[in-house]
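Read through the structure below, which is laid out as structure tokens, and then see the notes.
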Amino acid sequence: MGEYQRYCPQKDVFFNVSLGEIGDMPLNTKYWIKGFLSGNEPSPPVDEKGDIYPPIHEDNIHWDKSVALFHKTGSWYSGERNCTICGMKLLNSWTDFDCENCLEEK
């Protein structure tokens with residue numbers, strides 16, 4: 001999710017570009033991407049009965065933070081991932097393999 005196809009006429013190929021790779025863009029492109037990401041937000045986590053967790057549940061808090069970051073990165077990992085250094089659970093939309101704290105310490 002969050003990857004967009006671009007076309008290179010010189011090489012006659014299509015390639016993917018993620019939101020993090022897009023720098024300056026026209027205002028209409030910015031709002032198109034915002035709408036695209038809003039319409040593609042993953043569903044919130046549910047309990048064994050299929051009910052959405054309450055806002056104070058840790059899974060819902062994690063999802064809220066992941067969705068907020070999703071609107072900045074355009075990326076979403078559907079599984080669970082942990083930091084390769086400290087083992088902390090990573091947000092679904094975090095694009096690195098190490099958490100922010102461990103990256104700062106490097």
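The values are calculated or read from the model by the stated rules, or taken from the named source; none is laboratory data. The shown structure was predicted, so the numbers you read here are calculated from the model rather than taken from an experiment. For accessibility, only protein heavy atoms count, side chains too; no ligands or nucleic acids. Shrake-Rupley method; radii C 1.70, N 1.55, O 1.52, S 1.80 Å.
General remarks:
- With the whole protein complex present, Lys89 retains an accessible surface near 80 Å², based on a 1.4 Å probe.
- Counting only alpha carbon atoms, the long axis of helix 58-73 and the longest principal axis of the chain meet at about 10°.
- Of Pro26, Pro45, Pro54, the residue with the greatest mean-square motion in the GNM of the chain, using alpha carbon springs below 10 Å, is Pro26.
- Global size of the chain: 16.5, 53 Å for Rg and Dmax (C-alpha atoms, Rg to one decimal, Dmax whole).
- Ordered by solvent-accessible area of protein heavy atoms (1.4 Å probe), largest first, the residues Cys8, Cys86, Cys99 come out as Cys86, Cys8, Cys99.
- For Lys11, the solvent-accessible surface computed with a 1.4 Å probe is close to 150 Å², ligands and nucleic acids excluded.
- The lysine pair tally for the chain, using Cα distances under 28 Å and a gap of 8 or more places or different chains, is 13.
- Principal-axis tilt of helix 27-39 within the chain, Cα atoms, nearest 10 degrees: 40
- The largest accessible area among Phe15, Phe36, Phe70 belongs to the first residue in Phe15, Phe36, Phe70, and the rest follow in falling order (1.4 Å probe, all chains).
- Counting only DSSP H runs of at least 4 residues, each contributing -39500 (n - 2.57), and dividing by the residue count of the chain, the helix-based mean residue ellipticity at 222 nm comes to -10000 deg cm²/dmol.
- Each of Ile56, Ile85 has its accessible area taken with a 1.4 Å probe; listed largest first, they run Ile56, Ile85.
- Solvent-accessible heavy-atom area per residue, rounded to whole Å², over the chain at 1.4 Å: 73
- Placed amide H near Ser18: partners under 5 Å, 5+ positions off or other chain: Tyr4
- In the chain, Cα pairs under 8 Å separated by at least six residues give a relative contact order of 22 percent.
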